[in-house]
Amino acid sequence: MLRVEEGGGDGKDSAKKVETAVHVAGEETQVEVKTRSKRVAALDAFRGLTIVLMILVDDAGGAYERIDHSPWNGCTLADFVMPFFLFIVGVAVALALKRIPKVSEAIKKVVVRTLKLLFWGLLLQGGYSHAPDDLSYGVDMKHIRWCGILQRIALVYFVVALIEILTTKLRPTIIGSGPFAIFSAYYWQWIGGLIAFVLYMVLIFTLYVPDWSFVLHNPGDVNDGKRFTVQCGVRGHLGPACNAVGYVDRQVWGINHLYSQPVWIRSKDCTDSSSSMGPLRKDAPSWCLAPFEPEGLLSSISAILSGVIGVHYGHVLIHFKVHSERLKQWLLMGFGLLICGIILHFTNAIPINKQLYSFSYVCFTAGAAGIVFSAFYILIDLWSLRMPFLFLEWIGMNSMLVFVMAAEGIFPAFVNGWYYETPKKSLVHWIHEHVFVNVWHSERLGTLLYVIFAEIVFWAVVAGILHRLGIYWKL
């Protein structure tokens with residue numbers, strides 16, 4: 001839904017009342033706060049940064065595959081996008097649900113927004129939309145993909161928001177002075193996170209994964225229609241073939257409803273070109289061609305922790321009014337989580353793994369999110385260096401619009417629909433080829449510059465204009 005808001009939207013509060021707009025993965029909830037405090041611009045900037053990173057790694061990752069998702073263990077630039085989304089969802093939930101006049105109404109709004117996120121997730125990533133290059137629409141229901149980015153955000157948002165609403169009467173008005181007072185004051189949120197953590201850890205290390213098989217569906221491939229068998233018969237395996245995350249998704253959703261192009265095909269087991277895309281090795285295991293769901297059910301349960309940590313950062317913002325106190329809480333937790341994740345990874349206890357959403361991955365990325373958010377808070381809200389980050393704020397304020405139009409390719413697909421003779425002769429392809437690739441005599445550099453200027457800068461300008469007009473797309 002598009003809504004037009006009156007006023008200049010300069011981020012300053014009136015003396016009596018201010019409307020604080022908090023976007024949750026592109027949606028917006030509202031809470032009226034009687035305060036003279038300025039709107040925390042770091043929230044919008046952080047959300048905008050996450051959208052920018054997503055556009056960059058999705059559209060330039062093919063040219064610079066080192067910024068694309070890690071083939072298995074490890075963490076690249078692309079692997080920060082999802083946990084950063086969930087982190088800022090948690091922060092926004094804490095602020096949006098600071099005051100709840102009526103519990104039933106709040107639950108109803110959360111349920112409706114969750115369903116909207118699920119709908120958009122299925123529409124954009126379920127296989128119905130083939131944007132931007134394929135101008136056809138439609139999906140075979142036998143192969144629809146049930147999971148995706150917005151579906152995971154919907155689950156995490158629903159859980160953390162529901163806990164926040166149902167514990168509203170247990171919230172303290174004043175936080176004690178102890179170092180763990182903020183944690184004990186919101187213990188139900190941490191209990192919810194603990195339940196998700198225990199459930200995930202128990203299942204991933206104890207669930208028995210039997211042998212399984214799949215039929216390759218890839219028209220034009222020499223192996224199309226061929227059935228492959230993957231031998232497992234193990235418990236607690238954290239490799240690509242026989243982990244509990246994949247097993248749960250195959251059992252719950254069905255193997256034909258999983259993501260058909262997992263990044264593990266760029267792993268050393270599958271290609272000699274790792275971590276770039278290359279031909280399969282002659283001795284490549286059969287699972288290299290198998291589907292795998294990176295936003296699956298079990299890994300999404302682990303992802304709830306990212307949202308819970310974000311909620312904690314929001315609680316700190318609410319209860320601590322002094323900048324130094326906020327930053328001390330945020331940075332101590334941020335660096336603590338970061339170090340914990342690094343230790344777990346390099347001791348081989350629990351490798352950092354985005355596909356499994358491992359506990360070390362939660363710690364490492366949530367710690368990084370906390371540190372980046374703190375840095376934005378210092379630069380933008382404390383030192384008032386707002387101008388260099390305005391484009392991120394604008395994108396963050398209209399995050400759902402930019403996500404759908406740019407990150408999911410709906411706008412370039414619309415432009416591609418107006419072509420001359422063939423779909424490859426459209427304005428988008430002409431700009432990419434003649435303005436960037438041919439000028440720089442490099443496909444890789446031309447693609448990177450196209451993404452930066454024709455996508456990120458373009459949508460920053462559009463979002464800035466819409467912000468000045470008071471127009472935002474909200475769920």
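The values are calculated or read from the model by the stated rules, or taken from the named source; none is laboratory data. Bear in mind that the values here come from a model prediction, so they are computed numbers and not experimental data. We place every Cβ from the backbone using ideal geometry, glycine too, and count neighbours over all the protein chains shown. Ligands, DNA and RNA are excluded from the accessible area calculation, which covers all protein heavy atoms including side chains. Shrake-Rupley method; radii C 1.70, N 1.55, O 1.52, S 1.80 Å.
Quick notes
- Near MET333: Cβ cut-off under 15 Å, other residues only, Lys/Arg at +1 and Asp/Glu at -1. The net charge is +1.
- Secondary-structure-derived ellipticity at 222 nm for the chain, considering helices only, amounts to -14500 deg cm²/dmol, per-run term -39500 (n - 2.57) for DSSP H runs with n ≥ 4.
- About its Cα centre, the dipole of the stretch 205-360 is roughly 340 debye, where the only charges are +1 on Lys and Arg Cβ and -1 on Asp and Glu Cβ.
- Residue-normalised accessible area of the stretch 314-433, given per residue in Å² at a 1.4 Å probe: 44 Å²
- Rolling a 1.4 Å probe over the protein heavy atoms of the chain, with every protein chain left in place, gives an accessible area that is 64 percent carbon and sulfur.
- Relative packing of peptides 327-337, 416-426, 347-357 - highest average C-beta neighbours within 10 Å first: 347-357, 327-337, 416-426
- With the convex hull drawn over the C-alpha atoms of the stretch 204-326, the volume per residue is 160 Å³.
- Ranked by how many other beta carbons lie within 10 Å on average, peptides 46-53, 180-187 from highest: 46-53, 180-187
- Using alpha carbons only: equivalent-ellipsoid semi-axes of the stretch 100-243, gyration tensor based, whole Å: 40, 25, 11
- Ranking CYS363, ILE431, TYR419 by how far each Cα lies toward the positive end of the dipole of the chain (charges on Cβ) leaves CYS363 at the top.
- Taking a Cβ cut-off of under 13 Å around THR50, the surrounding Lys, Arg, Asp and Glu residues balance to a net charge of -3, with basic ones at +1 and acidic ones at -1.
- Distribution of pairwise C-alpha distances over the stretch 284-394, 5 Å bins, in %: 2, 11, 16, 17, 17, 14, 10, 6, 3, 2, 1, 0
- Under the criterion of Cα pairs below 8 Å and six or more residues apart, the relative contact order for the stretch 125-228 equals 13 percent.
- Once the Cα gyration tensor of the chain is diagonalised, semi-axes √(5λ) in Å: 36, 29, 20
- The mean sequence distance of close C-alpha pairs (under 8 Å, at least 6 residues apart), as a share of the length of the stretch 366-472, puts its relative contact order at 27 percent.
- What you get for the stretch 76-208, charging only the Cβ of Lys and Arg (+1) and of Asp and Glu (-1), is a dipole of about 660 debye around the Cα centre.
- Each Lys and Arg Cβ is given +1 and each Asp and Glu Cβ -1; about its Cα centre, the chain then shows a dipole of about 1600 debye.
- The chain: DSSP helices with Cα axial extent of at least 24 Å and average Kyte-Doolittle hydropathy no lower than -1.0: 41-60, 103-125, 149-166, 187-206, 297-319, 323-346, 359-376
- Annotation: per residue accessible area for the stretch 143-245 equals 51 Å², rounded to a whole number [probe 1.4 Å, protein chains only].
- The stretch 382-455 and the stretch 147-195 have Cα centres separated by 37 Å.
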